[in-house]
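Structure first, commentary second.
The values are calculated or read from the model by the stated rules, or taken from the named source; none is laboratory data. What you see is a predicted model; the values in this text were computed from it and never measured. All Cβ positions, glycine included, derive from the backbone under ideal geometry; neighbour counts span all protein chains shown. What goes into the accessible areas is simple: the full protein's heavy atoms, side chains included, and nothing from ligands, DNA or RNA. Shrake-Rupley method; radii C 1.70, N 1.55, O 1.52, S 1.80 Å.
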Amino acid sequence: MTTAITGTTRLTAVLGSPIAHSISPQMHNESFRLLGLDYAYLAFEIDTTTLPAAVEALKVLHARGYNLTMPNKNLMCSLCDHLSPAARIIGAVNTVVDDDGILTGHTTDGTGYMMSVKDAGFDIIGKKMTLFGAGGAATSIMVQAALDGVSEISVFCRPQSRFLTRTQKIISDLNEQTKCKVQLFFYDDARLKKELSESHILTNATSVGMEPNPGDSLITDPSMFHPDLIVSDIIYHPAKTRLMQLAETAECPTFNGLYMLLYQGAEAFRLWTGLPMPVKEIKEKYFSR
């Protein structure tokens with residue numbers, strides 16, 4: 001069983017900013033150890049200004065692949081040689097496979113999120129979702145939820161979002177290609193309260209509430225919630241965001257993004273190694289809500 005770096009160890013990594021909080025190195029390195037694989041996984045503080053140089057460096061180092069987290073998911077699309085169908089539709093990449101310098105970009109966030117909903121004990125198929133955000137994670141969740149059979153999705157974003165045009169195109173495609181009714185709104189309390197009143201789940205897929213500003217929330221009035229509304233946040237540090245805290249005062253069930261990380265990571269692991277991640281062991285050792 002591999003427990004040490006060797007002369008043949010293959011590099012995998014995560015590139016993001018901030019990145020010090022990431023649990024991905026523990027998750028992947030323990031999986032490599034459990035399966036006796038000669039790989040290592042490191043975390044690098046990389047943002048959009050340094051991403052192109054980092055990608056070229058990883059090619060030189062013959063890295064097997066890497067994950068992308070905020071703020072790098074969208075820019076990575078233009079740095080790949082090939083994109084998976086989902087990554088092409090969404091316009092975001094969170095996993096790269098490097099085959100001798102040929103980079104293929106994938107997105108596993110949406111699958112990871114939908115699996116985390118099931119893991120939390122909820123069934124949202126055939127029901128309505130309200131979704132905050134228009135970035136890579138938000139669009140990944142939107143696309144996968146629509147494909148999986150969520151009946152309606154109300155997407156909220158800011159009118160000045162740099163992702164607005166892309167999001168409008170994806171929503172149009174989903175309305176044409178799936179049975180899901182997807183609508184786009186700008187943040188407005190009256191409209192938001194109406195959509196939430198009809199929704200089974202609210203998902204925050206923005207960075208609002210993440211360190212270093214854990215006190216921030218896109219909703220500040222608990223009366224916006226109702227007890228039958230599931231409130232989820234893709235953020236997992238802090239474990240309980242301000243949004244989740246406010247939702248719990250209205251007796252809403254909540255869960256964070258920790259298991260989304262687990263399941264999207266499991267798919268990345270499979271893409272790099274061709275083997276399933278030992279999810280049961282990793283979950284027991286590193287993940288708790």
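Some notes on this structure:
- Members of region 90-133 that are charged (D, E, K, R) and either under 11 Å from the mean Cα position of the chain (by Cα) or outside any strand (DSSP E or B) (or both): ASP100, ASP109, LYS118, ASP119, ASP123, LYS127
- Of all the listed residues (ASP216, ASP173), the sole one being surrounded by fewer than 17 Cβ atoms within 10 Å (Cβ to Cβ) and modelled with pLDDT of 95 or more is ASP216.
- Restricting region 202-239 to residues that are charged (D, E, K, R) and within 18 Å of GLY133 (Cα to Cα), the residue that is nearest to the chain's Cα centre (by Cα): ASP233
- Filter result for GLY36 (at negative phi and surrounded by fewer than 16 Cβ atoms within 10 Å (Cβ to Cβ)): no
- Matching residues in region 176-202 - criterion: being in a helix (DSSP H, G or I) and either loosely packed, with under 13 Cβ neighbours inside 10 Å or not basic (Lys, Arg) (or both): GLU176, GLN177, ASP189, ALA190, LEU192, GLU195, LEU196, SER197
- For ALA205, the criteria (1) of a type outside the set (Asp, Glu); (2) touching a residue at least 24 places away in the same chain (Cβ under 8 Å); (3) over 19 Å from MET142 (Cβ atoms) hold in every case but one, which is (3).
- Test result for THR49, modelled with pLDDT of 95 or more and of a type outside the set (A, V, I, L, M): yes
- Checklist (1) more than 15 Å from TRP272 (Cβ to Cβ); (2) open to solvent by less than 60 Å² (accessible area, probe 1.4 Å); (3) modelled with pLDDT of 95 or more applied to ASP98, failing item: (1)
- Output for region 101-119, where each listed residue is open to solvent by 40 Å² or more (accessible area, probe 1.4 Å) and under 12 Å from GLN144 (Cβ atoms): THR111, MET115
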